[in-house]
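Scroll down for the structure; my scribbles are underneath it.
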Amino acid sequence: MSVPTYKRILLKLSGEVLMGEQQFGIDTEYVARVAQEVKDARDSGLQICLVIGGGNIFRGMAGAAKGMDRAQADYMGMLATVMNALAMQNALEQIGVPTRVQSAVQMDQVCEPVIRRRAERHLEKGRIVIFAAGVGAPYFTTDSGAALRAAEMRCDALLKGTSVDGVYDADPKKDASAKRYETVDYDTVLADNLKVMDASAVALCRDNNIPIVVFSIRERGNLARVLAGEGTQTVVRQGA
Ligand code: UDP
């Protein structure tokens, strides 16, 4: 695989990544480990936007399945993403990386609102910008938030760091013959309903020609490997 030449990326981490080996919540040691990998990437000269999910704390769909009003549950999910963003900001700043959190749900005492031009300036100054609260509306996910911020911040790629090492043609946990794609087209992902990100996020990346790189962040050192075009990953892009 050719070495990617990214100048600016959006790194999306699922909330469950922050749990480490726990079943729920935030494992601060694990967050520190991931923060170190993010620091190393940023120290190599890369500009980094971060989006972190909230699934380790609360997912709106889970609340709705138990009878909650969906929009209300989604607002709780958005607040969970702000907690994760603050945890990651803390971990990054403890190792000397200046970081700003910008939330799509305004929270003046806690973080900045999303202001694109200000975010640009932060990146130019070498700060990492963590975008919290997804798109700021219920019925969306942080995947859509990640695609939206990747587009508006003109990122060269959206890297999705998760618990699986790429995109498979079937669920690898249930089907031993499931095959991992090296590359796959956006339209195949959408038509075959492959588990990458939700459809609105994939469509937004397709329409703005932003490659999606899916890899496992659980493997130590994998972010650096993926940025070097090595390691196990799937790239979703046009004409794959
Ligand atoms: N959420 C939302 N709108 C957004 C982003 C997130 O309503 O723009 C809520 C939604 O309830 C979601 C929860 O926040 O389930 C946590 O985000 P997500 O499920 O994307 O987290 P992840 O699966 O990446 O950990």
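Throughout, read-outs are computed from the coordinates displayed, never taken from laboratory work. In this text the structure is predicted, and so the values were computed from the model without any measurement. With ideal geometry, Cβ positions are generated from the backbone for all residues, glycine too; neighbour counts draw on all protein chains shown.
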- Task: Have a look at the range 150-240 and give its Rg and Dmax from the Cα atoms, expressed in angstrom.
- Result: 12.7, 39
- Message: Let me understand the range 44-153 better: what is its radius of gyration from the alpha carbons, and its Dmax, in angstrom?
- Response: 14.1, 47
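Hey, can you rank 217-228, 158-169 by average C-beta count inside 10 Å, highest first? Don't skip to the end; give the middle numbers.
Numbers: 217-228: 17.5, 158-169: 21.4.
So the peptides 217-228, 158-169, ranked by packing, come out 158-169, 217-228.
How long are the semi-axes of the ellipsoid equivalent to the chain, from square roots of 5 times the Cα gyration tensor eigenvalues, in whole Å, largest first?
On the way: eigenvalues 118, 98, 63 Å².
Listed largest to smallest, the semi-axes of the chain are 24, 22, 18 Å.
Convex hull over the alpha-carbon atoms of the range 96-213: what's its volume per residue in Å³? Before the final figure, lay out each step's value.
Values: hull volume 16.1 nm³, N = 118.
Enclosed volume per residue, from the Cα hull, is 137 Å³.
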- Between the alpha-carbon centers of the range 1-64 and the range 174-213, tell me the distance in whole angstrom. 19 Å
- What does the range 108-177 give for Rg and for Dmax, in Å, if only its C-alpha atoms count? 16.0, 51
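Find out how many positive minus negative residues lie around ASN56, taking Lys and Arg as positive, Asp and Glu as negative, among other residues whose Cβ is under 13 Å from that of ASN56. Can you show the working numbers first?
Details: positive: ARG59; negative: GLU16, GLU21, ASP27.
Neighbourhood net charge equals -2.
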- Query: Taking 0.36 nm per intervening residue step and subtracting the Cα-Cα distance, what contour gain separates MET107 from ALA62 on full extension?
  - Reply: 13.7 nm
- Any chance you could list P(r) for the range 1-75, counting all Cα-Cα pairs in 5 angstrom bins from zero, rounded to whole %? 3, 14, 17, 17, 15, 13, 10, 6, 3, 1
- Message: For the range 33-87, take every pair of Cα atoms, bin their distances at 10 Å starting from 0, and report each bin as a whole percent.
- Response: 24, 36, 23, 14, 3
- Query: If you count the DSSP beta bridges with both ends in the chain, what percent of them are antiparallel, to the nearest 5?
  - Reply: 10 percent
